[in-house]
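The values are calculated or read from the model by the stated rules, or taken from the named source; none is laboratory data. These figures come from a predicted structure and were not determined experimentally. So basically every Cβ, Gly included, is an ideal-geometry build from the backbone, and we count neighbours across all protein chains shown. To get the accessible areas, we keep the full protein, side chains included, count just its heavy atoms, and leave off ligands, DNA and RNA. Shrake-Rupley method; radii C 1.70, N 1.55, O 1.52, S 1.80 Å.
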Amino acid sequence: MRVVIQKDYEKMCAWTAQYIADAINARGGEKFVLGLPTGSTPLGVYRELIRLNKEGKVSFRNVVTFNMDEYVGLPRDHEQSYWYFMWSNFFNHIDIKKENVNILNGMATDLQAECDGYEKRIAQAGGIDLFMGGIGVDGHIAFNEPFSSLTSRTRVKTLTEDTRIVNSRFFDHDVSKVPTTALTVGVGTVTASKEVIILINGHAKARALAAVVEGGVSQSWTCSALQMHPKAIIACDDAACDELKVGTYRYFLDIEREARI
Ligand code: PGA
């Protein structure tokens, strides 16, 4: 696992956006399959990718995307649906083809069939080349709450009270308005990707970062499954490293010195 420590949020986002743009460009116009998250954390990466796209430094014409998750019961045009989030914060501003965007449908009548079909579509696309994700304060990756199976695939998950409280900031701070279930790719779906980048910023996520990097592989911190991945990167800011051992922190600053921007 690589841990790329940047000074602050902006630098973490700039580094990650450049990494993604370089990976797409390295394909030389061939198809690239990108896994994407929602949430507050990736917004800076999306802003930076939009800038790179507008400046002609990266094109999404041959990029196919799969989003991590979607609330159950929110229609696409609901301002808090992840479909709405992705189009308003990213897809509407880049040159991606509409038919190349894949987002789980939380209004499907048969939710498990929707999830199974999603796994099939990922396989048909040739698997995910790079999955970018965020992390919850409890270490969840996508909506794989603590104690989710580390080999899980796309399915319906019940959201914990903690996650609903955290996300209530987008629902007028009213927890009762936050959906109780979501469709989410599994931990196994993420780790089956050829590469994974997880963004972690801010002191509030410091405990999760330490657990994921220094703790054992455990279903109680589902993101720790990345320790078994051959090509996983944690892109973080300095504040998120507050709970790391000094030796761990220095080790990654040393071996990742070329990644500093
Ligand atoms: P956040 O969400 O980026 O809004 O902190 C991350 C997550 O819950 O996975």
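Once the chain from K98 to R121 is taken as fully extended at 0.36 nm per residue, the excess over their C-alpha distance is 6.8 nm. According to the square roots a ≥ b ≥ c of the eigenvalues of the Cα gyration tensor, what is the shape class of region 66-166, taking rounded for a/c under 1.5, prolate for a/b larger than b/c otherwise, and oblate for the remainder? Since a/c stays below 1.5, the shape of region 66-166 is classed as rounded.
Checking the a/c ratio against 1.5 first, then a/b against b/c, what shape does the Cα gyration tensor give for region 138-209? Cα axes put region 138-209 in the oblate bin.
Shape class of region 201-261 from the Cα gyration tensor (axes a ≥ b ≥ c, square roots of the eigenvalues): oblate, since a/c reaches 1.5 or more and a/b does not exceed b/c.
Treating r as the C-beta distance of T181 and Q227 and R0 as 35 Å, the FRET efficiency rounds to 0.80. Taking amide H as placed 1.01 Å from N in the peptide plane, V4 has its amide H under 5 Å from the amide H of I234, A235, C236, each at least 5 places away in sequence or on another chain. When each of the peptides 165-177, 107-119, 84-96, 139-151 is scored by the mean number of other C-beta atoms lying within 10 Å of its residues, the order from highest to lowest reads 139-151, 84-96, 107-119, 165-177. Here's the picture: a label point sits 7 Å out from the Cα of N89 along the beta-carbon direction, and within region 191-208 the residues with their amide nitrogen under 18 Å of it are 197-205.
Give the residues of region 87-106 whose amide nitrogen is closer than 19 Å to a point set 7 Å from the Cα of S59 in the direction of its Cβ. Residues 91-101 fall inside that zone.
The residues of the chain expose on average 44 square angstrom of accessible surface per residue, using a 1.4 Å probe on protein heavy atoms. Placing T158, T184 in order of accessible area, with the largest value first and a 1.4 Å probe, yields T158, T184. For the chain, the fraction of 1.4 Å probe accessible surface lying on carbon and sulfur atoms is 50 percent. Computed from label points 7 Å out along Cα-Cβ, the spacing between K7 and R257 is 1.8 nm. Using C-alpha pairs under 8 Å with a sequence gap of at least 6, the mean separation divided by the residue count of the chain gives a relative contact order of 26 percent. Of the residues A108, W83, I128, the one whose Cα sits farthest towards the positive end of the charge dipole of region 82-133 is W83 (charges of +1 on Lys and Arg Cβ, -1 on Asp and Glu Cβ, taken about the Cα centre). Note on the chain: antiparallel DSSP beta bridges, both residues inside, total approximately 30 percent of the bridges counted. Distance from the alpha carbon centroid of region 48-106 to that of region 210-240 works out to 26 angstrom. The residues R153, R164, R257, R27, sorted by heavy-atom accessible surface at 1.4 Å with ligands and nucleic acids left out, run R257, R153, R27, R164 from largest to smallest.
Under 5 Å from the amide H of T41 lies no amide H of any residue 5 or more positions distant or on a separate chain, with H modelled from the backbone and absent for Pro and chain starts.
Our summary gives region 21-127 a relative contact order of 29 percent, counting only alpha carbon pairs under 8 angstrom and 6 or more residues apart.
Whole-Hz Karplus values for region 185-202 come out as 4, x, 4, x, 5, 5, 6, 6, 5, 5, 9, 9, 10, 10, 8, 9, 9, x Hz, taken residue by residue from phi with 6.51 cos²θ - 1.76 cosθ + 1.60 and θ = phi - 60°; glycine and proline positions read x. Backbone geometry of region 22-33 corresponds, through the Karplus equation with coefficients 6.51, -1.76 and 1.60 at θ = phi - 60°, to 3J(HN,Hα) couplings of 4, 5, 5, 5, 5, 6, x, x, 6, 4, 10, 9 Hz, x marking Gly and Pro. Could you tally the net charge around T181, taking each other residue with its Cβ under 12 Å from the Cβ of T181, Lys/Arg +1 and Asp/Glu -1? My count for the surroundings of T181 gives 0. Scanning residues 5 or more positions from V33 or on other chains, those with amide H under 5 Å from its amide H are V64, D129, L130, with H placed 1.01 Å from N in the peptide plane.
Counting only lysines at least 8 places from K98 when in the same chain, those with an alpha carbon closer than 26 Å to its own are K31, K54, K57, K120, K194.
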